[in-house]
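A short worksheet on the structure shown next.
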Amino acid sequence: MGKYIIAGNWKMNKLPSETYDFVKEVAKVTEGAKCEVVCCAPTVCLAEAVRAAKETHVKIGAENLHFEDKGAFTGEVSADMLLDLGVDYVIIGHSERRQYFAETDETVNLKTKKALEKGLIPIVCVGESLEEREAGITMDLIAIQTKKAFAGISEEDAKKVVVAYEPIWAIGTGKTATADQAQEVCKGIRDILADLYSKKAAKEITIQYGGSMNDANAAELLSKKDIDGGLIGGASLVADKFAVIVKAAK
Ligand code: 13P
């Protein structure tokens, strides 16, 4: 299906002073990877991460951006700032940002459009809570999040977007969705994208799974037809574990 991408999401972990050596280590242990390898790092670590990734296969991503070009937005980071550093990817709409930082489907859409306009690759996160899953409305919720995220985006641009399906109940809990549960939703997302654009475009879009993906369960998850990679939290903080996941993505 889409190009395989394994991306680490460090979240609020790792110090700027640890970043250079860690990215170098990731590059070393994932050498010869058959997929794209990305480290998404905190804003203050990005400059060191980019410096370490230079002349390696590793790409660097940010964990957030603002949808305006510039201005009075204290504490925010713009697409131009990320590009100026040499960042390639940016995570948008992670459930932690939706939950703790008032991110909405509307801001996710604005940020996705800004990233595409500027040439950053957006990793757009969607996912249901445990209550929503138990109420049987997972796919309704995912459909709304996906359609709103892609609103006003052309087919040409849509093909550049990475979608990460991250069930909130599986994040940082050690409770992974089963490979069949993850496949079912990832296929559902691809069907929604086929409806919005075309079957051809939907096939080209990378759809990742995220939520307690680790060295032990990655191979099974990644063997599923509609799972084109992973967005990895905890296991991306340990280079050897991350490398096992990267190797599972063929
Ligand atoms: P964990 O892999 O720690 O569950 O985190 C997943 C995640 O939120 C990645 O964005």
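The values are calculated or read from the model by the stated rules, or taken from the named source; none is laboratory data. What you see is a predicted model, and the numbers here were worked out from it, not measured in a lab. Cβ atoms come from the backbone with ideal geometry, glycine included; neighbour counts cover every protein chain shown.
Computed values, structure above
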| read-out | value |
| --- | --- |
| Single condition residue 44 does not satisfy, out of (1) among the hydrophobic types (A, V, I, L, M, F, W, C); (2) surrounded by 15 or more Cβ atoms within 10 Å (Cβ to Cβ); (3) not in a loop (DSSP other than H, G, I, E, B) | (2) |
| Where a residue in segment 23-45 is closer than 10 Å to residue 58 by Cβ and basic (Lys, Arg) and its partner, wherever it lies, is buried (at least 18 other Cβ atoms within 10 Å of the Cβ) and modelled with pLDDT of 95 or more, with Cβ under 6 Å and at least six apart | 24/52 |
| Meets criteria (hydroxyl-bearing (Ser, Thr, Tyr) and under 15 Å from residue 88 (Cβ atoms)) for residue 56 | yes |
| Any hit, segment 189-199, residues being more than 22 Å from residue 37 (Cβ to Cβ), modelled with pLDDT of 95 or more and of a type in the set (Phe, Trp, Tyr) | yes |
| Identity of the residue in segment 1-57, away from the ligand (no atom under 16 Å from the Cβ) and among the aromatic types (Phe, Trp, Tyr), that ends up nearest to the chain's Cα centre (by Cα) | 4 |
| Yes/no for residue 235 being over 20 Å from residue 2 (Cα atoms), within 16 Å of the ligand (Cβ to nearest atom) and assigned to a helix (DSSP H, G or I) | yes |
| Residues of segment 172-183 satisfying the condition of being farther than 14 Å from residue 126 by Cβ and either within 16 Å of the ligand (Cβ to nearest atom) or charged (D, E, K, R) (or both) | 172, 173, 174, 175, 176, 178, 179, 180, 181 |
| Top-ranked residue in segment 97-117 [being of a type in the set (Val, Ile, Thr) and surrounded by 18 or more Cβ atoms within 10 Å (Cβ to Cβ); ranked as nearest to residue 128 (Cα to Cα)] | 108 |
| In segment 153-169, the residues that are of a type outside the set (Val, Ile, Thr), within 15 Å of the ligand (Cβ to nearest atom) and under 15 Å from the mean Cα position of the chain (by Cα) | 164, 165, 166, 167 |
| Matching residues in segment 225-238 - criterion: being surrounded by 20 or more Cβ atoms within 10 Å (Cβ to Cβ) and of a type outside the set (Asp, Glu) | 227, 229, 230, 231, 232, 233, 235, 236 |
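To keep it simple, each residue is scored yes or no on (1) crowded, with 23+ Cβ neighbours inside 10 Å; (2) more than 14 Å from the ligand (Cβ to nearest atom).
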{"site": "187", "(1), (2)": "no, yes"}
{"site": "193", "(1), (2)": "yes, yes"}
{"site": "199", "(1), (2)": "no, yes"}
{"site": "206", "(1), (2)": "yes, yes"}
{"site": "218", "(1), (2)": "yes, no"}
{"site": "223", "(1), (2)": "no, yes"}
{"site": "241", "(1), (2)": "no, no"}
{"site": "247", "(1), (2)": "no, yes"}
